[in-house]
């Protein structure tokens, strides 16, 4: 073993190891020229001992075997490749401008065992580029974090990058060649992350209990998830959350199952649903499960792709369906809110308001006594106009029109008599003369003569009118429990204003009146911490609602 300090190869220089020999390096290794790290026969191991060393230079530095001692700490500042083993009890840091490539055989997890591996710095890139299977190992990051990761392994669709722990990518995950295999571990994607690449040869293989987990701190982005099961590529080709309330730990989890959905023939009428349990005759043998955490009141559109071999029956009879628990209900229900493009084997669910299982099948599950063609809402100057149209009706007693401020808790605001039995198109309308300011949710409850009922889809409308003359101020917000919550309206037209303070279940906590030019103070000393809704009614009965947080 030879001991050296710094190794510096100048632009015209060459580091050329001609015999099998090991090196202990107590300084930096900088390659601006040519670095031949070991002889044609035999091996050379480089043991690095500096507590603050760097690996860099203007040219790529390639070393087959590297060991970093317990006290050693090295940072890659440019292009560094390890061809076989990176071991030792020290620390390896991939710097912000560093690209670290590992090409060794780590299929058994014995060749990439450096104790402290830190690829967390923003901007750095790790490339897994082996010609044999490798393991995607953990890091020193809190969540086994990486920034950019490129999977560029042997071609042919048979080389695997097997997760050996949960890992998180916070930058860009690029799948060029090779398959990340989750097994029992989760692949997490940070809120700012993206995935590029992935195709029918190379994809994220969900093979066991591991999930793909996407974090969110904003809505609006179109996300792509090139996922599949053990054998088949069946990606989420588009996921756009157009609006939602995001908590501090908001994420979606995705899995895919290579089987027909077990509940495609499950009825739920006894619980208040509309699925009679008539088995679909056209369906696919694959479904995707989307689970949300800390994401409420969503509106999203998602497209997902199945295989030709997944189709059972007549594909043109199928629609996109969602199996989920409707807000406020105890049962699971099929929603026929999607379409199927048989040309490219893609199903799309549009403007869904809750999470569940993505599927495609015919609509025979939906044996409704009333066949609803359309249901929509339109905001006018002083009201909201609801219109709906039925194609057929059977034993239809009446419609109950229900409204909600949160999409979960609905209250009846009126009724419309049904036509009983009809095979002709029938038109209905209802005017909400006292609409709520902002986004409001509506649904229809269709009631039979025998008392059975079912719900329509939930629709929304934004009404921006208000009978309040002036600007509404609510402060402080959030408010400390025991402190007064102040409400004032900046305006020159005195008028009597009514107000309600409700909890999230719609229960009235306080109510009263005050004048447009006055100041309202609400004592919160007897209120529990949480979220409340302050609703202000103007002289024209229009309402403006504000969310109030008490801590």
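The values are calculated or read from the model by the stated rules, or taken from the named source; none is laboratory data. Because the structure is predicted, anything quoted here is derived from the model rather than measured. Don't worry about glycine lacking a Cβ; one is built from the backbone with ideal geometry, like all the others, and counts go over all protein chains shown.
Among the residues of the range 177-197, is any part of a strand (DSSP E or B), in contact with a strand residue (DSSP E or B) (Cβ under 8 Å, 6 or more places away or on another chain), surrounded by fewer than 22 Cβ atoms within 10 Å (Cβ to Cβ) and at positive phi? Yes.
Being in a strand (DSSP E or B) and without any contact (Cβ under 8 Å) to a residue 24 or more places away in the chain is a property that holds for residue 75. The set of residues in the range 3-35 that are part of a strand (DSSP E or B) and under 50 Å from the mean Cα position of the chain (by Cα) comprises 7, 8, 9, 15, 23, 24, 25, 29, 30, 31, 34, 35.
Can you find, within the range 258-289, the residue that is modelled with the highest pLDDT among those that are in a loop (DSSP other than H, G, I, E, B) and surrounded by 19 or more Cβ atoms within 10 Å (Cβ to Cβ)? So the residue we want is 286. The set of residues in the range 510-528 that are surrounded by fewer than 19 Cβ atoms within 10 Å (Cβ to Cβ) and either out of contact with any strand residue (DSSP E or B) (no Cβ under 7 Å at 6 or more places or on another chain) or at pLDDT 85 or above (or both) comprises 510, 517, 518, 521, 523, 525, 526, 528. Within the range 223-257, the set of residues being outside any strand (DSSP E or B) and crowded, with 17+ Cβ neighbours inside 10 Å comprises 226, 229, 234, 235.
The residue list 461, 531 contains one member that is in a strand (DSSP E or B) and at pLDDT 85 or above, which is 461.
The residues of the range 208-222 that are surrounded by fewer than 16 Cβ atoms within 10 Å (Cβ to Cβ) and assigned to a loop (DSSP other than H, G, I, E, B), listed by number, are 208, 209, 217, 218, 220, 221.
Please verify whether residue 434 is in the same structural domain as residue 382 (by the TED database), within 23 Å of residue 405 (Cβ to Cβ) and at pLDDT below 80, treating the condition exactly as stated. Yes, satisfied. From the list 487, 447, the one residue that fits, being closer than 20 Å to residue 546 by Cα, at pLDDT below 90 and either in a strand (DSSP E or B) or touching a helix residue (DSSP H, G or I) at 6+ places or on another chain (Cβ under 6 Å) (or both), is 487. For the range 412-434, the count of residues that are in a loop (DSSP other than H, G, I, E, B), over 36 Å from the mean Cα position of the chain (by Cα), touching a residue at least 12 places away in the same chain (Cβ under 8 Å) and within 30 Å of residue 500 (Cα to Cα) is at least one. Checking 123, 141, 130 one by one, the residue that is buried (at least 22 other Cβ atoms within 10 Å of the Cβ) and either part of a loop (DSSP other than H, G, I, E, B) or at pLDDT below 95 (or both) is 130 and no other. Listed by position, the strands (runs of 3 or more DSSP E) enclosed by the range 314-397 that each have at least 1 residues that are touching a residue at least 60 places away in the same chain (Cβ under 8 Å) are 319-324, 333-335, 346-352, 357-361, 370-379.
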